[in-house]
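Since the structure comes first, as structure tokens, the remarks are kept for the end.
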Amino acid sequence: MSETHRILRFLVVGTLAAAVNWVARIILSWLFAPALSFELAVVIAYAIGMTSGFLLYRAHVFPESDLAVAVQIRRFIVVNLASAAEVWVIAVLLVGPLAQATGHAPLAEALAHGVAIACGAATSYLGHRLLTFRQVQQAS
């Protein structure tokens, strides 16, 4: 598969996983408010999105990886922990100013979280391409 094709697939599959993440956060906040904070809802939703992302990326973006599944899972978690930290920091930094600008906390939370997820996409692609699902080079 060409790199361009792989990137396009990553974006489509990543968008689907991000949508799962985003919708999960909204549902969690709706179902468990006010007991569940926005910050914790972002973390839980990220884990839900991460699980769907692993399954989708492995099947549709990096199917040729010859690494053991257990290795892929460990590396996927490491890459996603870095990306999760990035997403969390960006979401938390943006939610206050967006709430002030919009005057509507749920909208500010949705926007902050959506922007943060988009920012984590580049980090995730590079990490998964170079580490999680890389192919082991066979000596000729």
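The values are calculated or read from the model by the stated rules, or taken from the named source; none is laboratory data. Just so it is clear, the structure is predicted and the values come from calculations on it, not from any experiment. Every residue, glycine among them, receives a Cβ derived from its backbone with ideal geometry; neighbour counts consider all protein chains shown. The area values use the complete protein model at the heavy-atom level, side chains included, leaving out ligands, DNA and RNA. Shrake-Rupley method; radii C 1.70, N 1.55, O 1.52, S 1.80 Å.
Looking at His113, His128 in this structure, which one is open to solvent by less than 60 Å² (accessible area, probe 1.4 Å), assigned to a helix (DSSP H, G or I) and more than 29 Å from Glu3 (Cβ to Cβ)? Don't jump to the end; show me each part of the working.
Values: His128 fails: more than 29 Å from Glu3 (Cβ to Cβ).
None of the others qualify; the one that does is His113.
Among the residues of segment 36-75, write down those that are charged (D, E, K, R) and under 30 Å from Ala105 (Cα atoms).
The one that is charged (D, E, K, R) and under 30 Å from Ala105 (Cα atoms): Glu39.
Output the qualifying pairs, or none if there are none: Cβ atoms under 9 angstrom, residues six or more apart or on different chains, first residue in segment 58-71 and more than 15 Å from Val136 (Cβ to Cβ), second residue open to solvent by 60 Å² or more (accessible area, probe 1.4 Å) and of a type outside the set (A, V, I, L, M).
As it stands, the answer is His60/Arg9; Val61/Arg9; Val61/Arg129, since those pairs meet every condition given.
Among the residues of segment 9-57, write down those that are of a type in the set (Ser, Thr, Tyr) and assigned to a helix (DSSP H, G or I).
Across segment 9-57, the qualifying residues are Thr15, Ser29, Tyr46, Thr51, Ser52, Tyr57.
Name the pairs whose Cβ atoms lie under 9 Å apart, with the first residue in segment 18-35 and in contact (Cβ under 8 Å) with a residue 40 or more places away in the chain and surrounded by fewer than 19 Cβ atoms within 10 Å (Cβ to Cβ), the second among the polar types (S, T, N, Q) and not in a helix (DSSP H, G or I), and 6 or more positions between them or separate chains?
Final answer for the pair search is none.
Exactly one condition in (1) at pLDDT 95 or above; (2) open to solvent by 40 Å² or more (accessible area, probe 1.4 Å); (3) of a type in the set (Val, Ile, Thr) is false for Ile73; which is it?
(1)
So how many residues does segment 36-65 have that are of a type in the set (Ser, Thr, Tyr), modelled with pLDDT of 90 or more and either under 18 Å from Val92 (Cβ atoms) or buried (at least 19 other Cβ atoms within 10 Å of the Cβ) (or both)?
From segment 36-65, those of a type in the set (Ser, Thr, Tyr) are 37, 46, 51-52, 57, 65; that's our starting set.
Imposing the further condition that a residue be modelled with pLDDT of 90 or more reduces the set to 37, 51-52, 57.
Narrowing further to those that are either under 18 Å from Val92 (Cβ atoms) or buried (at least 19 other Cβ atoms within 10 Å of the Cβ) (or both): 37, 57.
Matching residues across segment 36-65 total 2.
For Ala108, all conditions in the list (1) open to solvent by less than 30 Å² (accessible area, probe 1.4 Å); (2) closer than 28 Å to Ile7 by Cβ hold save one; what is the number of the exception?
In the conditions (1) open to solvent by less than 30 Å² (accessible area, probe 1.4 Å); (2) closer than 28 Å to Ile7 by Cβ, Ala108 misses (2) alone.
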